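*Asks:* My questions all concern the structure below.
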Amino acid sequence: MKSAVTTVLTAADAAGRFPSISDIESVRGSLDRAPTRLKAAEKLASKIDKLSSEAVDFVYGANSSYEQENKDKCVRDINHYLRLINYCLVTGGTGPLDEWGIAGMREVIRAHRLPTAAYIEAFAYLRDRISIPEDMDQQSATEFKALLDYLINALS
C-alpha cells in the first residue's frame, strides 16, 4: 500500500539513488501532519455511518424516483469510500483510495446503474458540511477535505 514514506522510497529506488534531502523533508512533513490526520481519522470513524446516510439523504432526499435498492447501494458505497479515506488519513497517502477504490469505482457504479453525479454530489456535500469545531478541528478538516477533493476529482 502506498503511503508518504513508501512513495518517496519507491521513487528513489526507481531512480537508483538514496532518498534526497527534499525526499526526507517530504516524509518529515507527512510525519509532522500525522497527529492531525489521526485526529481526523478518529472523528471520521466515529461518524462514518451517520455521514454516509446523511450524504445519500441529501442527494436523494426529495427525489422519490430512485428505488430504495439504489439508495442502499449508494449508502454502502459511500461508507466504503469514507473508510478508504480513513485509511488514507492513517497512512498519510492516497494509496488505499488509489488501490482499492478509484481504479474500479467507475465500473462498479456503471454496473449497478448508479449515477456518478450522485456520488460526486454526495462527497461534495460531505466536504462542505463538515463543521468546525463540532465535527473536527480546522487542521483535521483540511486533511479530510483534501482527500474528499481527491476522490471527487478522480470521479469527475
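Since every read-out is calculated from the coordinates, none of them should be taken as a lab result. A quick note: this is a predicted structure, and the numbers were derived from the prediction, not measured. Cβ atoms come from the backbone with ideal geometry, glycine included; neighbour counts cover every protein chain shown.
*Asks:* Residue by residue through segment 131-141, which ³J(HN,Hα) values in whole Hz follow from phi under the Karplus form 6.51 cos²θ - 1.76 cosθ + 1.60 (θ = phi - 60°), with glycine and proline marked x?
*Replies:* 9, 9, x, 4, 7, 6, 6, 4, 5, 5, 4
*Asks:* Given R₀ = 41 Å, FRET efficiency for R17-R76 by Cβ-Cβ distance, to 0.05?
*Replies:* 0.40
*Asks:* Follow-up. How far is helix 21-32 tilted off the main Cα axis of the chain, in degrees rounded to 10, range 0 to 90?
*Replies:* 50
*Asks:* Using unit Cβ charges (K, R positive; D, E negative) and no other charged atoms, how large, in debye to the nearest 20, is the dipole of the chain about its Cα centre?
*Replies:* Its charge dipole is roughly 140 debye.
*Asks:* Hey, another quick one. With the cut-off at 26 Å, tell me which of the pairs K2/K73; K50/K145; K39/K73; K2/K50 have Cα atoms farther apart than that.
*Replies:* Pairs exceeding the cut-off: K2/K73; K39/K73; K2/K50.
*Asks:* Angle, helix 116-129 long axis vs. longest principal axis of the chain, Cα atoms, 0 to 90°, nearest 10?
*Replies:* 70
*Asks:* Another one. Tell me, what is the percent relative contact order of the chain, built from C-alpha pairs under 8 Å that lie six or more residues apart?
*Replies:* 31
*Asks:* Taking only DSSP H segments of four or more residues, each worth -39500 (n - 2.57), what value at 222 nm results for the chain once the sum is divided by all its residues, to the nearest 500 deg cm²/dmol?
*Replies:* Value at 222 nm, helices only: -24500 deg cm²/dmol.
*Asks:* Moving on to the next point. Amide H to amide H, which residues 5 or more places from G93 or on other chains are under 5 Å from it, using H placed in the peptide plane?
*Replies:* Placed amide hydrogens put A4 under 5 Å from G93.
*Asks:* Sort all Cα-Cα distances of the chain into consecutive 5 angstrom bins from zero, then give the percent of pairs in each bin up to the one containing the longest distance.
*Replies:* Over the chain, the share of Cα pairs per 5 Å bin runs 2, 9, 17, 20, 18, 13, 9, 6, 3, 2, 1, 0 percent.
*Asks:* How far is helix 68-91 tilted, in degrees, relative to the longest principal axis of the Cα atoms in the chain, given as a value from 0 to 90 rounded to the nearest 10?
*Replies:* Tilt relative to the chain: about 20 degrees.
*Asks:* With a 10 Å Cβ neighbour count serving as the proxy for reagent exposure, in which order, fewest first, do R37, R83 appear?
*Replies:* Least crowded to most crowded, the residues run R83, R37.
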